[in-house]
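Only the coordinates and a few stated rules stand behind these numbers; no lab work does. All figures in this text were calculated on a predicted structure; none of them were measured in a lab. Positions of Cβ are backbone-derived with ideal geometry, glycine not excepted, and every protein chain shown enters the neighbour counts.
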Amino acid sequence: MLKTVLAASAALLLPAPALAETVVVTADHLVDVAKGVTLDEPVIVITDGKVVSVVTRGGARPVIPAEAKRIDLPGQTIVPGLIDMHVHLDSDARISGFKSLEYTDSFWQALGVVNAKLMLDAGFTTVRNVGSGNYNDVGLKQAVEGGYIAGPRIIPATYALGATGGHCDNTEGLPPSFAAVPQPSVADSPEGYRKLVRTVRKYGAEVIKICATGGVLSRSDAAGAQQMTLAEMQAVVAEAHMLGMKVAAHAHGTAGINDALRAGVDTIEHASLADVESFALAKEKGAWFSMDIYDDDYILAEGAKNGVYPESLEKERQIGRKQRETFRDAYRAGVKMVFGTDNGGVFPAGQNALQFGKMVEWGMTPIDAIRSATTNAADALGKPGQVGTIAPGAWGDIVAVTGDPLVDVKLLEHPSAVIKGGVRVK
């Protein structure tokens, strides 16, 4: 009897379960990304942030609770919330090269708060942050999920891992006196990389990023030069996959791309000098190319003013057009493609959608460009059906534009509304 009374008393102290919040979104049109067609008069019902039903013209109208909130978008076409697979939230392209040394460490975390909101307002409701300092991307993710700041869903990599003196070594090119600065991103052996994978996972990484080759914005290395051995990359992939994590490889040069693919990485970032063998390996392994082909325009136009090293500008002149040609050839060859921009680090945050037009200019159809940032990206993240789609069970992430993005993909540069988890954020 006493136990019954105590249990009843305890139950009275518990908070009442929150009522499910339902939001109904209507528009004139919906792009069915999977089928590549536009459907009319969609009615999307979202409960507690997730889609529970999608009905279009001709379908039975859903039963809508009287207390449901409404987001009506007359005259608009909606697509799934967009996904950028390669961003740097705690970077600013306008602070490049040695200019970045003028700022204290905590500045970059504060900058990330601003950039997260800019990317969300641009329609990117999910981003994969492939490299940040001081575990900033984990902190940003926690702040977004806790409701402290506005931002997209964040898949953090924490530090990008690489070799001593390589593209992922933050003291690359600096005087020896900087050698005393701890570099938690650097290793020089297979076992060293295994330890790094375990360490960054311990502190919040959900994807592993490696630098297989040199880069453009790092000053003293050759963009095409391989910087990790096949054995080192195999160690990273084996460890990450054992832990249930995917691996993204920064790789411009042919040899580094091909060894990364042989090692089993999941996405190749940049892929500038990929060749026919690279395409065959990617298709054989099921890997994705994430190619930031808009960047050349911004780097060459604004880089010198922003502090980009002269050596880096010269590398960009040599590699920029070739990367676009590789993109065209990879797409024609049937390589799987995802949308990745290097936004934040290479051009200002929130301008992510500028790449859609460039992708179409270099041979991709508008629907495949949209798929690269929705269903393809969701598959590459290992989150199909959760993001990148407007379907029952997915998060209620929606972007609206005025007009038909299957005719003019550049409409995605100016979304009229952005909804994340059933909440209108723009």
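Under 5 Å between amide hydrogens, which residues at least 5 positions from Lys336 or on another chain qualify, with H placed 1.01 Å from N in the peptide plane?
Long-range HN contacts for Lys336: Phe289.
May I ask which of Lys50/Lys426; Lys285/Lys358; Lys35/Lys336; Lys141/Lys285; Lys117/Lys246; Lys202/Lys285 have a Cα-Cα span longer than 20 Å here?
Lys285/Lys358; Lys141/Lys285; Lys117/Lys246; Lys202/Lys285
What base-10 log of the normalised intensity I(q)/I(0) is obtained for region 279-418 from the Debye formula, alpha carbons as equal point scatterers, at q = 0.14, 0.17 Å⁻¹?
Cα-only, vacuum Debye calculation for region 279-418: -0.72, -1.02.
Angle check, please: helix 136-145 long axis (alpha carbons) against the longest principal axis of the chain (alpha carbons), in degrees 0 to 90, nearest 10.
So the helix axis and the longest Cα principal axis differ by about 0 degrees.
What order do you get for 120-126, 84-90, 240-246 when each peptide is scored by the mean count of other beta carbon atoms within 10 Å, highest first?
The packing order, highest mean first, is 84-90, 120-126, 240-246.
If you bin the C-alpha pair distances of region 224-354 every 10 Å from 0, what whole percents do you get?
Histogram of Cα-Cα distances, whole percents per bin: 13, 41, 33, 12, 0.
Could you tell me which of rounded, prolate or oblate describes region 49-145, using a ≥ b ≥ c as the square roots of the eigenvalues of the alpha-carbon gyration tensor, with rounded for a/c under 1.5 and, failing that, prolate when a/b is larger than b/c and oblate otherwise?
It is prolate, given that a/c is not under 1.5 and a/b is the larger ratio.
Taking Rh as the Kirkwood radius, which is the inverse of the mean 1/r over Cα pairs, what is the Rg/Rh value for region 145-299?
0.98
Using the alpha-carbon atoms, what tilt in degrees (0 to 90, nearest 10) does helix 230-242 show relative to the longest principal axis of the chain?
On a 0 to 90 degree scale, this one is about 20.
Along the three principal axes, how long is region 101-160 when you take its alpha carbons, biggest first, rounded to the nearest angstrom?
31, 21, 20
Return the Rg/Rh value of the chain, two decimal places, where both radii are evaluated on C-alpha atoms and Rh is the Kirkwood radius.
Taking Rg over the Kirkwood Rh, I get 1.01.
Expressed as an acute angle from 0 to 90° and rounded to the nearest 10, what is the orientation of the C-alpha long axis of helix 105-121 relative to the principal long axis of the chain?
With both axes taken from Cα atoms, the answer is about 50 degrees.
Averaging sequence separations of C-alpha pairs under 8 Å and six or more residues apart, then dividing by the length of the chain, give the relative contact order as a whole percent.
Relative contact order here is 19 percent.
State the antiparallel share, in %, of DSSP beta bridges confined to the chain, rounding to the nearest 5.
40
Taking H placed 1.01 Å from N in the peptide plane, check which residues at least 5 places from Asp28 or on another chain put their amide H under 5 Å from its amide H.
When sequence neighbours closer than 5 places are left aside, the close amide H contacts are Gly75, Gln76.
Among the lysines, which fall within straight-line cross-link reach of Lys99, defined as a Cα-Cα distance under 19 Å, with same-chain neighbours fewer than 8 residues apart omitted?
Excluding near neighbours in sequence, the set is Lys305.
Using only DSSP helix segments of four residues or longer, with each worth -39500 (n - 2.57), what per-residue ellipticity at 222 nm results for the chain after dividing by its residue count and rounding to 500?
-10500 deg cm²/dmol
How big is region 278-337 by the Kirkwood estimate over distinct Cα pairs, in Å?
Averaging 1/r across every pair of different Cα atoms and inverting gives 12.7 Å.
Going by average Cβ neighbours within 10 Å, how do the peptides 98-105, 343-350 rank, with the highest at the top?
Averaged packing, sorted descending, gives the order 343-350, 98-105.
Among 134-142, 207-215, what's the highest-first ranking by average C-beta atoms within 10 angstrom per residue?
Order by mean packing, descending: 207-215, 134-142.
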